[in-house]
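Student: Dropping the structure in here first, questions after.
The values are calculated or read from the model by the stated rules, or taken from the named source; none is laboratory data. Just so it is clear, the structure is predicted and the values come from calculations on it, not from any experiment. Cβ placement follows ideal geometry from the backbone for every residue including glycine, while neighbour counts extend to all protein chains displayed. Side chains are part of the model used for accessible areas, which takes the heavy atoms of the whole protein and leaves out ligands, DNA and RNA. Shrake-Rupley method; radii C 1.70, N 1.55, O 1.52, S 1.80 Å.
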Amino acid sequence: MKALSILGTSSNSGKSWFTTALCAWLRRKGVRVAPFKAQNMSNNSYVTLDGGEIGRAQGVQAEACGLLPRVEMNPILLKPSGQMGSQLIVLGQARHHLKAGEYYREIESFWRTVEETLEYWKKECDVLILEGAGSPVELNLMKRDIVNLRPVRHLDGRWLLVSDIERGGVFAQIVGTWNLMEPEDQARGLGVVVNKFRGDLSLFSEAAACLSSRTTLPLLGTLPFKDSLQPEKEDSLCREADTFVEGSTMGWISFPNLSNSQDSQAWKFDQGVGLHWVERLDDLIGVQAIVLPGTKNTLADLKWLHQSGLAAAIQRAAHAGVPVVGICGGYQMLGDWLTDPSGVAGDAGGMKGLNLLPVSTLFEATKQVHQIEAIWEGNRWMAYETHMGKTTMTEKCEPLIEIQTSSGQQPEGCRKGKIWGTYLHGLFESPAVRISLARNAGFRNFKCSPISWRESQQTVYDGMADMLDEYINMETILKYVAD
């Protein structure tokens, strides 16, 4: 098995993008390729068929490889939960919460898990594409870093470096990263890619010569930024990929502990609808529908919602007939009362909800993680749930949707007029659901995309692979993986 690690000069340099594109490109070449990230930190997760939880980016990369996502693609996942630290997910299963110091004290046990998983992949694929995290040369963390250089050393593999020209100082990024590496790690470098270029590429024609005088790392090419070829982001902080302005406006609440923000992206290819993230009262002006998405600390974010004045504004909007949709933690907030006596899902305690749906939630230690077939007006598609709360009706409530289980169809969620609540992530991947909400909201000139969200993503992966062929010297990469 060949191993190729995609490192970056910084966070958000484009490692996930390049990894996804390379997976799609190698798959097109007939290579048995799989993605891997030793440890991810993200509240955007993907639920595997066997009920495991991995980083969303690895789920996307698996799709680009033509594979079903599996927990071995991301053995360690940390889900930030505010003051509690992060929830630890090991090989797809939720464990306890821990803070940074506790994580690093256990780092060698985590490395053993990573090491065992790397051995597993030797029998499962011909090429393993490993995604790095942040920068590989954070000097204060390098001895404890199990994501960047240590895995590629273990597999005796090679690496590519992705830099971000959009941030400025791209030559300093590249040369600085190179010079801070040990010689034995430098020797594993195949080349560097400059990412997110905007403008006239001819103005960057001397880049290779400029780099050759400072490093022996060859420049493999420069990738222009194309907004239409951006797959799902793994980080809820990368909301520029989730924001678009066209026509009637939806307001998505930007919780401090936001999770699974990719639920918004299914609207991206529809016409006559715009989306923006709501952080303050002024952001709600003119919105025709409001969505409360997932959160990794429901009680803390509900408290923020009240303190910011957004809770009262959402209640007023709902009473005025504006559709309000709650997904996962957002669903819990729409109810009468939320109780977390032990702090298993974030801050401990109890709090009144927005009282828009007749439900109450009790948080329990057992985490519910499932892929589920959703059914809406005869349409069927795969969604998933990942939560630690159990929500019950306090009075009779019409279910929002049906789900298919081993024992038959069952109701899920709650609907009271134009107020919807559900645990299902991926709700809006159904065109029928989006059309129903657009009708409720009175979106003018709304036109639902005829292509499903999943189909559109396959088109994106193919376009990303085409970009590599057009702008990158892929012979260097192909020669390594084919030798």
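Student: Scan (1) within 19 Å of ASP462 (Cβ to Cβ); (2) surrounded by fewer than 24 Cβ atoms within 10 Å (Cβ to Cβ) for the single condition SER86 breaks and write down its number.
Tutor: (1)
Student: While we're on this one: Out of all the residues in the range 28-43, which are part of a strand (DSSP E or B) and either within 13 Å of the chain's Cα centre (by Cα) or at pLDDT below 95 (or both)?
Tutor: Hits for the range 28-43 are ASN40, MET41.
Student: Out of everything in the range 143-168 that is in a loop (DSSP other than H, G, I, E, B) and under 18 Å from GLY191 (Cα atoms), what residue ends up being farthest from the chain's Cα centre (by Cα)?
Tutor: Among them, the one singled out is ASP156.
Student: Without any contact (Cβ under 8 Å) to a residue 40 or more places away in the chain and under 18 Å from GLY343 (Cβ atoms) - does that describe any residue in the range 102-120?
Tutor: yes
Student: Still on this structure, please answer the following. Here is a list of conditions, (1) at pLDDT 95 or above; (2) surrounded by fewer than 20 Cβ atoms within 10 Å (Cβ to Cβ), and GLU72 meets all of them except one; can you say which number that is?
Tutor: Here GLU72 clears every test but (2).
Student: Okay, moving on. Please determine whether any residue of the range 43-61 is under 22 Å from GLN368 (Cβ atoms), of a type in the set (Lys, Arg) and out of contact with any Ser or Thr (no Cβ under 7 Å at 6 or more places or on another chain).
Tutor: No: the range 43-61 contains no residue that is under 22 Å from GLN368 (Cβ atoms), of a type in the set (Lys, Arg) and out of contact with any Ser or Thr (no Cβ under 7 Å at 6 or more places or on another chain).
Student: Shifting gears a bit: Taking the range 118-142 only, how many residues are in a helix (DSSP H, G or I) and open to solvent by 10 Å² or more (accessible area, probe 1.4 Å)?
Tutor: Matching residues across the range 118-142 total 3.
Student: Residues being open to solvent by 20 Å² or more (accessible area, probe 1.4 Å) and not aromatic (Phe, Trp, Tyr): count how many of those fall in the range 450-477.
Tutor: 14
Student: I would also like to ask the following. Can you name the condition, by its number, that ASP336 falls short on among (1) among the acidic types (Asp, Glu); (2) crowded, with 19+ Cβ neighbours inside 10 Å; (3) farther than 22 Å from SER259 by Cβ?
Tutor: It fails just one condition, (2).
Student: If ALA383 satisfies all but one of (1) out of contact with any His (no Cβ under 9 Å at 6 or more places or on another chain); (2) under 30 Å from LEU302 (Cα atoms), what's the number of the condition it fails?
Tutor: The number of the failed condition is (1).
Student: Residue by residue through the range 383-400, note down the ones that are open to solvent by 20 Å² or more (accessible area, probe 1.4 Å) and in contact with a helix residue (DSSP H, G or I) (Cβ under 8 Å, 6 or more places away or on another chain).
Tutor: Answer for the range 383-400, where residues must be open to solvent by 20 Å² or more (accessible area, probe 1.4 Å) and in contact with a helix residue (DSSP H, G or I) (Cβ under 8 Å, 6 or more places away or on another chain): just THR391.
Student: Considering only the range 291-300, I want to know if a residue exists there that is β-branched (Val, Ile, Thr), open to solvent by less than 50 Å² (accessible area, probe 1.4 Å) and either touching a His at 6+ places or on another chain (Cβ under 7 Å) or at pLDDT 95 or above (or both).
Tutor: Looking for residues that are β-branched (Val, Ile, Thr), open to solvent by less than 50 Å² (accessible area, probe 1.4 Å) and either touching a His at 6+ places or on another chain (Cβ under 7 Å) or at pLDDT 95 or above (or both), one finds at least one in the range 291-300, hence yes.
Student: Separate question: Being closer than 24 Å to GLY59 by Cα and either polar (S, T, N, Q) or open to solvent by 10 Å² or more (accessible area, probe 1.4 Å) (or both) narrows it down to one of VAL322, VAL369, so name that one.
Tutor: VAL369
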